[in-house]
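The values are calculated or read from the model by the stated rules, or taken from the named source; none is laboratory data. What you are looking at is a predicted structure, and each value in this text was computed from that prediction instead of being measured. Note that each Cβ is placed from the backbone with ideal geometry, even for glycine, and that neighbours are counted across all protein chains shown.
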Amino acid sequence: MARTTSIYTRVEPELKKQAETILEQLGIPMSNAVGLFLRQIVLQRGIPFEMKLPQRKPLSYGSLTEEEFNAEMEKGFDDLNAGRVVSSKQVREEIQGLYDL
């Protein structure tokens with residue numbers, strides 16, 4: 001058997017729980033998943049997925065000037081008046097379908 005070493009890490013409990021649920025469905029123990037991740041780092045000589053900042057960050061009220069806020073509100077009213085709306089029921093159904101909820 002190959003020699004092994006231990007890695008200790010701290011993660012948010014909810015993140016760990018969610019990951020364990022998915023890995024269990026895949027039949028992969030957490031330790032194997034971590035090993036796969038580390039092996040990919042070695043093989044790809046870097047993080048095995050793209051890491052970048054989002055193109056557009058979400059808007060927050062506190063970061064907008066009054067003019068920017070008014071412009072965003074106008075966009076929303078324009079969408080509403082043009083019929084570019086989706087009901088909360090449609091949103092819920094789409095999320096449930098995407099995430100098997």
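Quick notes on this one:
- Evaluation of Ala71 against (1) in contact with a Leu (Cβ under 9 Å, 6 or more places away or on another chain); (2) touching a residue at least 12 places away in the same chain (Cβ under 8 Å); (3) hydrophobic (A, V, I, L, M, F, W, C) (one fails), failing number: (2)
- Residues that are surrounded by fewer than 10 Cβ atoms within 10 Å (Cβ to Cβ) and not in a loop (DSSP other than H, G, I, E, B) within segment 79-101 comprise Asn81, Ser88, Lys89, Gly97, Leu98, listed in sequence order.
- Any hit, segment 68-78, residues being modelled with pLDDT under 95, assigned to a loop (DSSP other than H, G, I, E, B) and surrounded by fewer than 11 Cβ atoms within 10 Å (Cβ to Cβ): no
- For Lys52: the one exception among (1) surrounded by 10 or more Cβ atoms within 10 Å (Cβ to Cβ); (2) part of a loop (DSSP other than H, G, I, E, B); (3) among the basic types (Lys, Arg): (1)
- Selection status of Tyr8, at pLDDT 90 or above and not polar (S, T, N, Q): yes
- Exactly one residue out of Leu53, Leu38, Leu59 is modelled with pLDDT of 95 or more and on the phi < 0 side of the Ramachandran plot, and it is Leu38.
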